[in-house]
Structure formats: C-alpha cells, structure tokens
C-alpha cells in the first residue's frame with residue numbers, strides 16, 4: 001500500500017538501502033544466462049556489475065539476481081570464459 | 001540587558017550571525033552583501049564563534065555546501081545578493097524541498113541587465129516560489145531582530161528563511177540598533193534543531209531520493225500543506241519573540257489604518273518614507289494609512305484582506321516588475337488575495353525605485369493624489385503606473 005501525503009516521511013527522507021526493495025528486473029529486454037560449466041570463478045562479472053546483481057557466496061559465483069538485473073550485458077561482455085550469454089527476455 | 005549601538009544593516013546582520021553562532025557558514029562575496037560575511041569571517045578568525053567558515057568559488061557552491069551541512073544536522077547560514085541569489089536559484093528549491101533550516105541574509109539588489117549594484121526587489125522576488133520564508137526589513141534594527149527570528153522559525157518549522165534588507169539604503173546606512181546580550185540570543189534559540197542527520201551512522205538515511213509519478217506529488221502536497229499550516233505557527237513564534245525579546249512585530253504592520261480611506265502598501269525600507277508621508281498627509285486632514293508587509297512568503301493574504309476591507313483606494317508600491325505586462329509582484333499577489341472579497345478597494349500598482357532610483361516624499365504625495373483620483377473615477381485607466389521615471 002502506497003503512503004498518502006500525510007503518511008509519507010518528511011521530504012521523503014527514508015532509511016538507507018531502500019534500493020534493494022525496488023525491483024528493477026522488469027526493465028530488462030535482454031537476460032543474462034549463467035553457464036556454470038564454463039565459469040572459472042574469476043568474479044570479473046561481480047566486479048563490473050553496476051547493480052550488485054551477481055550473487056556470490058563464500059567467494060563463489062552462484063548466479064544472477066533477476067529481481068534487480070537490468071540486463072545491461074556488462075557481465076557477459078567482461079567474462080573472459082564466455083560463461084554468460086545474453087538472450088532475449090521473454091515475459 | 002540590551003545595549004544601544006550604531007550599526008549599518010550589514011553590520012547588524014553580522015552581529016546577529018555572531019550571536020546565533022552557526023555551525024557552518026559557506027559564502028561567496030557580492031556587493032552589497034559582502035560585508036555581512038566579511039565581518040562574520042573576522043569573528044571566526046578571532047575565535048568569537050564556533051563556526052566552520054567555508055569560502056566557496058561561487059554562490060551555487062556556497063548554498064550547496066549549506067544544504068550538505070544542514071542535512072548533517074548543522075545550524076547553517078550564508079549571505080548573498082542579486083546575481084548571487086540568482087546563481088543559488090537551483091539549490092534554493094532543493095533546500096526548500098528537503099526542508100532544511102538554512103538562513104540567508106539577503107541584500108536586495110537589482111538583477112542584470114543592465115548591471116546595477118543598487119536596490120530593488122527583483123532578486124528576492126525571483127526566488128519567491130522556492131519554498132522559503134521571506135522577511136523584509138525596514139531598517140538595521142529589523143534586519144538584526146529578524147535574522148535571529150528567522151533562525152528560530154527555520155529550526156521550528158523546517159522551512160529555510162531569507163531575511164532581506166534593501167541594498168545600500170539599509171545595508172550601508174548606519175542607524176541606532178538595540179542589541180540583545182549574547183546570552184539572551186543563545187537562550188532564545190537554544191540548541192540547533194534539524195529534521196534529520198545524514199551523519200548519524202547508526203541510523204543511515206537517504207536524502208534526496210528519486211520520486212517519480214508515484215510519490216513526487218505526495219511530497220509536494222506535503223510541503224505545500226506544511227507551508228500553509230506554518231502561517232499560524234509563524235504568528236505564535238512571532239508572539240513569543242515579541243514577549244521574550246520585547247518587540248512589537250506582526251506579519252503585516254498596520255499604521256493609521258483604523259479610519260483610513262486610502263492606504264499605501266509596501267515592502268522594506270520605503271515603509272519608513274511612507275510612514276513619514278502618512279504623518280504629513282494626516283496633518284493636512286487626509287485619511288491615509290500604511291500597510292507594511294513584513295512576511296512576503298508565506299503570503300498572509302487573510303491578514304492583508306482584513307486590513308484592506310474598509311479601504312476605498314489602495315496604492316501598492318512595487319520595487320520590482322514581473323515583466324508580464326501586469327505590474328509588480330506585490331500588486332499581483334494582493335489583487336489575487338482580494339478576488340473573493342465583497343469589499344475590494346480600488347487597487348493601483350506604482351512600480352518605483354528600480355535599480356536604486358530614489359523615491360521621496362513628494363513622489364508619495366503625488367501617489368496619494370493619484371490613488372484618490374483613480375478611486376473617484378471608479379478605477380478607470382491603467383492599473384499599473386511607473387513612477388520615479390523620466391517620461
């Protein structure tokens with residue numbers, strides 16, 4: 001439920017880190033596909049992703065956060081091992 | 001215990017700043033406001049205040065630094081004039097929108113072109129829609145008092161304020177000023193109060209996020225409503241100021257208005273000349289009064305409406321033109337305020353004094369005769385006149 005003007009925070013000063021709640025994944029026209037078998041865990045994709053959408057746990061790339069990935073294709077471009085393909089997003 | 005001193009408007013404002021003791025002052029010099037922050041910077045060097053003074057490379061940066069400091073919970077002030085205020089324009093709206101309690105000591109000066117360093121109200125008028133409180137001063141005493149008052153208003157209401165004086169006419173003219181003790185000002189203002197604190201690392205916040213079709217309007221309606229509601233709060237704070245600081249200020253000041261048939265309405269220093277002329281005309285038996293508008297923003301239309309309800313003809317003095325073919329700012333605001341009144345006086349706008357052009361008692365006496373004729377002719381003829389100009 002969206003807040004009305006009386007409920008909304010003064011000047012929209014809100015707590016930090018709210019970008020996480022804003023699902024930007026539906027902006028995508030192309031979608032990255034992660035190929036686990038080709039990945040050497042260099043984490044170049046994680047380093048370059050502008051939207052923190054590469055899921056990494058214990059130093060290992062696990063996949064892509066499709067709730068926030070905007071499909072820019074940088075991960076696919078920087079991957080030295082061809083482990084991320086860009087495909088057309090189908091809704 | 002107060003003391004009586006001789007101060008120019010700029011000196012009075014600098015003294016008010018010293019007593020307010022802001023955490024941060026970021027400023028860039030501009031005639032005729034330079035002295036305010038120049039004198040204040042000597043207070044900083046002498047260790048008389050606890051302020052961090054940030055000399056910036058432009059007014060845009062000065063007000064931006066003020067926004068940053070205020071968002072971090074600091075008590076913040078600056079001073080500027082004319083082109084400097086115009087260069088701040090973009091950020092003024094951000095300060096208003098973020099509800100930051102910043103106070104600007106603003107000296108009214110004409111905007112270019114042609115370049116001019118003297119008084120008119122075009123600079124302040126151009127920023128009237130930025131969501132700031134705007135207070136006009138008639139003399140150095142009001143400049144001093146109202147700077148202290150503005151800090152209180154901004155910190156109570158979370159609306160930024162600009163206190164204006166008239167360039168050279170007040171800023172550089174020395175007059176009697178009754179100053180409070182430093183302690184009295186300190187006690188009156190109390191600790192700095194801010195709506196939020198960006199540097200509170202335990203409670204991180206986002207300041208100035210994006211708000212599109214789904215939230216922008218709610219935020220702006222919230223701001224508009226707060227400004228509307230602030231009018232009664234401003235009156236309360238002003239009453240409290242009068243009581244504690246022993247003054248007698250009101251949002252609009254009436255002089256000889258009770259039985260007046262005609263009246264003058266003006267902002268700033270010209271109110272002094274008008275009051276003198278009212279006295280002169282009263283001695284000749286003429287029923288004339290003066291309405292001085294102290295707060296231009298927010299606009300106290302109910303008070304103005306009330307003050308003018310028994311007036312037959314009203315001469316509005318505008319030291320600025322809207323360049324819309326409809327006269328000056330004060331005239332247009334008052335005309336709008338009276339639209340729903342059943343007892344509207346005849347209104348004529350007298351645009352005067354642009355770029356520091358002098359206005360004297362004789363000019364005002366002519367206005368009295370003119371507004372009387374205009375009223376007797378039922379408002380026939382142009383509603384806007386330019387006076388103090390060669391024709």
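The values are calculated or read from the model by the stated rules, or taken from the named source; none is laboratory data. Worth saying up front: this structure is predicted, and the values here are computed from it rather than measured. Quick reminder, even Gly has a Cβ in these numbers, built from the backbone with ideal geometry, and neighbours come from all protein chains shown.
In the stretch B:250-258 there is at least one residue that is over 23 Å from residue B:177 (Cα atoms), out of contact with any helix residue (DSSP H, G or I) (no Cβ under 8 Å at 6 or more places or on another chain) and at pLDDT 95 or above. For beta carbons closer than 6 Å, sequence separation of 6+ or different chains, a first residue in the stretch B:193-207 that is at the interface with chain A (Cβ under 9 Å from one of its Cβ atoms) and closer than 12 Å to residue A:15 by Cβ and a second that is modelled with pLDDT under 90 and in a loop (DSSP other than H, G, I, E, B), the qualifying pairs are B:196/A:13; B:204/A:16; B:205/A:13; B:205/A:16; B:206/A:16; B:207/A:13. For the stretch B:110-143, which positions are part of a loop (DSSP other than H, G, I, E, B), within 24 Å of residue B:252 (Cβ to Cβ) and in contact with a helix residue (DSSP H, G or I) (Cβ under 6 Å, 6 or more places away or on another chain)? If the condition is that a residue be part of a loop (DSSP other than H, G, I, E, B), within 24 Å of residue B:252 (Cβ to Cβ) and in contact with a helix residue (DSSP H, G or I) (Cβ under 6 Å, 6 or more places away or on another chain), then B:119, B:120, B:127, B:130, B:131, B:132, B:137, B:138 are the ones that fit.
So, residue B:84, is that one in the same structural domain as residue B:226 (by TED's automatic domain parsing), closer than 20 Å to residue B:122 by Cα and assigned to a helix (DSSP H, G or I) or not? Spelling it out, residue B:84 is indeed in the same structural domain as residue B:226 (by TED's automatic domain parsing), closer than 20 Å to residue B:122 by Cα and assigned to a helix (DSSP H, G or I).
Candidates are the residues of the stretch B:329-343 that are touching a residue at least 24 places away in the same chain (Cβ under 8 Å) and touching a strand residue (DSSP E or B) at 6+ places or on another chain (Cβ under 9 Å); the one that is nearest to residue B:381 (Cα to Cα) is B:331. Filtering the stretch B:212-222 to residues that are facing chain A (nearest Cβ under 7 Å) and exposed (fewer than 15 other Cβ atoms within 10 Å of the Cβ) leaves B:214, B:221.
One residue stands out among those in the stretch A:1-28 that are out of contact with any helix residue (DSSP H, G or I) (no Cβ under 9 Å at 6 or more places or on another chain), within 12 Å of chain B (Cβ to nearest Cβ) and in a helix (DSSP H, G or I): the one that is surrounded by the most Cβ atoms within 10 Å (Cβ to Cβ), which is A:19. Within the stretch B:167-174, can one find any residue that is away from chain A (no Cβ under 14 Å), in contact with a strand residue (DSSP E or B) (Cβ under 7 Å, 6 or more places away or on another chain), farther than 24 Å from residue B:22 by Cβ and at pLDDT 95 or above? For the stretch B:167-174, residues away from chain A (no Cβ under 14 Å), in contact with a strand residue (DSSP E or B) (Cβ under 7 Å, 6 or more places away or on another chain), farther than 24 Å from residue B:22 by Cβ and at pLDDT 95 or above: present. Kindly check whether there is at least one residue in the stretch A:46-54 that is surrounded by 10 or more Cβ atoms within 10 Å (Cβ to Cβ), closer than 18 Å to residue B:206 by Cα and either away from every other protein chain (no Cβ under 14 Å) or under 17 Å from the mean Cα position of the chain (by Cα) (or both). Yes. Tell me, please, whether a residue that is outside any strand (DSSP E or B), modelled with pLDDT of 95 or more and surrounded by fewer than 16 Cβ atoms within 10 Å (Cβ to Cβ) can be found in the stretch B:28-41. Checked the stretch B:28-41: at least one residue is outside any strand (DSSP E or B), modelled with pLDDT of 95 or more and surrounded by fewer than 16 Cβ atoms within 10 Å (Cβ to Cβ).
Are any of the residues in the stretch B:149-164 at pLDDT 95 or above, over 20 Å from residue B:236 (Cβ atoms) and not in a loop (DSSP other than H, G, I, E, B)?
Yes.
Here the condition is being surrounded by 12 or more Cβ atoms within 10 Å (Cβ to Cβ), assigned by TED's automatic domain parsing to the domain that holds residue B:10 and at pLDDT below 95; of B:197, B:203, B:225, it holds for B:197 alone.
Taking the listed residues A:40, A:35, the one that is away from chain B (no Cβ under 14 Å) and touching a strand residue (DSSP E or B) at 6+ places or on another chain (Cβ under 8 Å) is A:35, with no other qualifying.
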